1. Return yes when Ser109 is among the small types (Gly, Ala, Ser), surrounded by 12 or more Cβ atoms within 10 Å (Cβ to Cβ) and out of contact with any Gly (no Cβ under 6 Å at 6 or more places or on another chain) and no when it is not.
2. For Pro117, are the conditions met, namely being crowded, with 20+ Cβ neighbours inside 10 Å, modelled with pLDDT of 95 or more and in a loop (DSSP other than H, G, I, E, B)?
3. Quick check on my filter: what residues within region 40-69 are of a type in the set (Ser, Thr, Tyr), open to solvent by 10 Å² or more (accessible area, probe 1.4 Å) and either part of a strand (DSSP E or B) or more than 18 Å from Ile153 (Cβ to Cβ) (or both)?
4. Open to solvent by less than 50 Å² (accessible area, probe 1.4 Å), under 17 Å from Ile48 (Cα atoms) and not in a loop (DSSP other than H, G, I, E, B): is that true of Val124 in this structure?
5. Residues being without any contact (Cβ under 8 Å) to a residue 40 or more places away in the chain and either open to solvent by 50 Å² or more (accessible area, probe 1.4 Å) or within 20 Å of His9 (Cα to Cα) (or both): count how many of those fall in region 85-106.
6. Among Ser33, Ser24, which is open to solvent by less than 30 Å² (accessible area, probe 1.4 Å) and either under 25 Å from Asn94 (Cα atoms) or touching a Phe, Trp or Tyr at 6+ places or on another chain (Cβ under 6 Å) (or both)?
7. What residue, of Val141, Val131, Val81, is in contact with an Asp or Glu (Cβ under 7 Å, 6 or more places away or on another chain), closer than 21 Å to Met1 by Cβ, open to solvent by less than 60 Å² (accessible area, probe 1.4 Å) and free of Cβ contacts under 8 Å to residues at least 60 places away in the same chain?
Amino acid sequence: MKFIIEYGHPVEQRLLTYIQEEYSFDMEPFVKSCDFELILNKISLSVIDDTIVQITGFCGLDKSMKSNYQVPEYKKGCLRVEHNLNYGFAYGVNDDDNYEYPVCINVQSGWVCIGNPEKKGNAVEFINNCVAVIDDDKEFVSLWLKPEKLPDI
């Protein structure tokens, strides 16, 4: 699958939270149904009409993940998926189902990075406080999330 950034489109208006007791991300308002899901580690990216509209799921955060990485410069838009996937299923973002993307946290800025924080690409804020970095080959690089509040780590 390939990821397509379309700058200038409206950003999904959802509130990203981190539920410390569940070690998970959640969004409000919550979309109850979707066409299919993309899985990044144990995080689900909900897709409707080939556009990623929601992020939820488990992501344990701890002090060993602390870093000084900064979210890259980004513009607002939407993140679309170019695919030939079947609807009603979940698919890994990486072809290797056992691959775990690294996770790092900048406690000062409040941003969590899932993926490679150093690799360059095109960055788009597609949901409030959710930024994806996609390389020139339309491949996933990283997902940056800034929940309303980080857990105490």
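The values are calculated or read from the model by the stated rules, or taken from the named source; none is laboratory data. Predicted model, so just to flag it, every value in this text is computed and none were measured. Here the Cβ is made from the backbone with ideal geometry for all residues, glycine too, and neighbour counts use every protein chain on show. Only protein heavy atoms, including side chains, enter the accessible area calculation; ligands, DNA and RNA are left aside. Shrake-Rupley method; radii C 1.70, N 1.55, O 1.52, S 1.80 Å.
1. So Ser109 fits the description; yes.
2. Answer is yes for this residue.
3. Ser44, Thr51, Thr56
4. It is false that Val124 is open to solvent by less than 50 Å² (accessible area, probe 1.4 Å), under 17 Å from Ile48 (Cα atoms) and not in a loop (DSSP other than H, G, I, E, B).
5. 6
6. None of the others qualify; the one that does is Ser24.
7. Criteria check complete, one pass: Val141.
The rows are residues; the columns are (1) modelled with pLDDT under 95; (2) part of a strand (DSSP E or B); (3) acidic (Asp, Glu).
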position: Val71; (1), (2), (3): no, no, no
position: Arg80; (1), (2), (3): no, yes, no
position: Tyr87; (1), (2), (3): yes, no, no
position: Cys104; (1), (2), (3): no, yes, no
position: Lys138; (1), (2), (3): no, no, no
position: Val141; (1), (2), (3): no, yes, no
position: Leu150; (1), (2), (3): yes, no, no
